[in-house]
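Since the structure comes first, as structure tokens, the remarks are kept for the end.
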């Protein structure tokens with residue numbers, strides 16, 4: 001398996017971890033009874049930490065289809081290379097770093113890390129175009 005495909009697989013695990021992190025934060029606030037209910041009752045707004053985890057998850061889900069598509073195109077078209085492998089690693093590790101930066105409300109650095117992930121995605125895109 002190529003490095004870029006491994007990074008795609010790890011990114012799927014990261015996405016699952018982010019789903020769980022948000023769910024744990026939300027359930028921690030609203031309780032297990034709420035979590036196991038139909039969730040029809042009105043609840044107070046989420047606390048900032050849970051909201052930031054939700055936003056970090058949504059942010060990953062915005063770019064992840066592009067990343068997965070680019071990696072698969074590179075692999076299927078035979079254009080997987082050192083450049084696509086490096087781009088995939090940059091994307092993945094930036095996305096890993098992004099989660100705690102967003103969750104703990106770290107400004108500026110979080111945005112730079114996001115730009116880094118887009119740079120990684122762009123490295124893959126330039127290799128396949």
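Any residue at all in the stretch 40-47 that's in a helix (DSSP H, G or I) and surrounded by 11 or more Cβ atoms within 10 Å (Cβ to Cβ)? No, because not a single residue in the stretch 40-47 is in a helix (DSSP H, G or I) and surrounded by 11 or more Cβ atoms within 10 Å (Cβ to Cβ). Restricting the stretch 16-41 to residues that are touching a residue at least 24 places away in the same chain (Cβ under 8 Å) and in contact with a helix residue (DSSP H, G or I) (Cβ under 6 Å, 6 or more places away or on another chain), the residue that is nearest to residue 61 (Cα to Cα) is 18. Among the residues of the stretch 55-66, is there at least one that is surrounded by 16 or more Cβ atoms within 10 Å (Cβ to Cβ), over 10 Å from the mean Cα position of the chain (by Cα), in a helix (DSSP H, G or I) and at pLDDT 95 or above? Checked against the condition, which is being surrounded by 16 or more Cβ atoms within 10 Å (Cβ to Cβ), over 10 Å from the mean Cα position of the chain (by Cα), in a helix (DSSP H, G or I) and at pLDDT 95 or above, the stretch 55-66 yields no hits at all. The one condition from (1) part of a helix (DSSP H, G or I); (2) modelled with pLDDT of 95 or more; (3) more than 23 Å from the chain's Cα centre (by Cα) that residue 34 does not meet is (2). The condition of being more than 15 Å from residue 64 (Cβ to Cβ) and crowded, with 21+ Cβ neighbours inside 10 Å holds for only one of 88, 127, 97, that being 127.
The values are calculated or read from the model by the stated rules, or taken from the named source; none is laboratory data. Everything quoted here is computed from the prediction, not taken from an experiment. Please note: Cβ atoms are built from the backbone with ideal geometry, for glycine as well, and neighbour counts cover all protein chains shown.
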